Amino acid sequence: MKILVTGGAGYIGSVTVEKLIEAGYDVVVFDNLYQGHRDAVHPQAEFVLGDLARIDEIKAAFETHKPDAVMHFAAYSLVGESVENPFKYMGENVSNAANLLSAMLEAGINKFILSSTANLFDDPESMPITEKERIVPGSPYGESKAIIERYLYWLDRVKDFRYVALRYFNAAGASEERGEDHHPECHLIPLVLQVAQGKREKIFIFGDDYDTPDGTCIRDYIHIADLAQAHILALEKLLNGGESCRYNLGNGQGYSVKQVIETAREITGHPIPAEVTPRRAGDPAVLIAGSETIRKELGWNPQYPDLKSIIQSAWNWHVKNPNGYEK
Ligand code: UDP
């Protein structure tokens, strides 16, 4: 069984490719390497340097490799940037996905896994956030995923097309070989670890006046290997003839920014100086996923639900690769 993975050179895509190969799948990675790293691609995966903006390149990859299903990770994914430049998100993210989907239909490929987001749920009515929550995107980034989910809804209704949309919360951690290496980096855990590595003087805490026990924001951190496992379960569901669906993915447990910093101090033995600064625009106080549906329906069972093992795995990778994928 062959799976084409867009964005398979990126953080979440590359770890999912690794787990797909371990599970016995043949994998083709389709990536333009704007943000991804060639060295992050598992050596057993075939690699196509291609751009989703060019539908001819997608069609050529389908023609050559004849995948049975597609996993779609390749996208711009910075909430802040999407506010600055909505067209890059509601434009390019959406049109690239539309190219991919249209090339799939033409090639007769009808199984699709979407990397979606918790940013669909701004100001949720209940916490933890379940799949029943109304969709109110928190940014043009979230909106781009909401629009792609609407495409999927209609393709399921009007074509013989099946999909699973996985809305993830805060992906974190690393496998033995693959970890997080963004330029610029703006996520909490890698930034905290950069302080421990001596690459930054301190970590800025974006606000300690939220309505939470210690005043800092609470997020649901999910280990990248558990996330990858969920993708494989979703794929198997479709390969076994399952219906289209959407799942929220997190541990169902939240940790505050201060708890993340404190845990990183314990693991690294570094004091990790922190300074409180004003809130970052668009940050909700608490985001926690209700992942009961995927647990019940697909038997998903996270192996690394605790913050300590998530941060420990990230730290191990950063110690082993102090410059990320850069040689
Ligand atoms: N955060 C912070 N300092 C930083 C980066 C992030 O205090 O340098 C906070 C951010 O406000 C949020 C949490 O850490 O409450 C997680 O942020 P991240 O960017 O990692 O993920 P997000 O929740 O935005 O997807």
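The values are calculated or read from the model by the stated rules, or taken from the named source; none is laboratory data. For clarity, every value in this text was computed on a predicted model and none was experimentally measured. Cβ: placed from backbone, ideal geometry, glycine included. Neighbour counts: every protein chain shown. We work out accessible area using only protein heavy atoms, side chains counted, and drop any ligands, DNA or RNA first. Shrake-Rupley method; radii C 1.70, N 1.55, O 1.52, S 1.80 Å.
Only one of (1) part of a loop (DSSP other than H, G, I, E, B); (2) closer than 26 Å to Arg150 by Cβ; (3) away from the ligand (no atom under 16 Å from the Cβ); (4) not polar (S, T, N, Q) fails for Pro271. Which number is that?
Of everything listed in (1) part of a loop (DSSP other than H, G, I, E, B); (2) closer than 26 Å to Arg150 by Cβ; (3) away from the ligand (no atom under 16 Å from the Cβ); (4) not polar (S, T, N, Q), Pro271 misses just condition (2).
Suppose we filter region 274-308 for residues that are assigned to a helix (DSSP H, G or I) and within 16 Å of the ligand (Cβ to nearest atom); how many remain? Before you say what the answer is, go through the steps one by one.
The initial filter retains those residues of region 274-308 that are assigned to a helix (DSSP H, G or I), namely 292-298, 307-308.
The next check asks that each one be within 16 Å of the ligand (Cβ to nearest atom); those that pass are 307.
Residues that pass the stated criteria total 1.
Inspect region 189-199 for any residue being more than 8 Å from the ligand (Cβ to nearest atom), in contact (Cβ under 8 Å) with a residue 12 or more places away in the chain, open to solvent by 70 Å² or more (accessible area, probe 1.4 Å) and assigned to a loop (DSSP other than H, G, I, E, B) and give the result as yes or no.
Checked region 189-199: no residue is more than 8 Å from the ligand (Cβ to nearest atom), in contact (Cβ under 8 Å) with a residue 12 or more places away in the chain, open to solvent by 70 Å² or more (accessible area, probe 1.4 Å) and assigned to a loop (DSSP other than H, G, I, E, B).
Among the residues of region 163-182 satisfying the criterion of being open to solvent by 60 Å² or more (accessible area, probe 1.4 Å) and away from the ligand (no atom under 15 Å from the Cβ), which is nearest to Leu101 (Cα to Cα)?
Glu177
Can Ile261 be described as closer than 14 Å to Leu233 by Cα and in contact (Cβ under 8 Å) with a residue 60 or more places away in the chain?
no
From Phe73, Phe87, Phe62, which residue is modelled with pLDDT of 95 or more, surrounded by 15 or more Cβ atoms within 10 Å (Cβ to Cβ) and more than 16 Å from the chain's Cα centre (by Cα)?
The unique qualifying residue is Phe62.
For region 106-117, check the following and say yes or no: at least one residue is open to solvent by less than 50 Å² (accessible area, probe 1.4 Å), farther than 13 Å from Phe169 by Cβ and within 16 Å of the ligand (Cβ to nearest atom).
Looking through region 106-117, none of the residues is open to solvent by less than 50 Å² (accessible area, probe 1.4 Å), farther than 13 Å from Phe169 by Cβ and within 16 Å of the ligand (Cβ to nearest atom).
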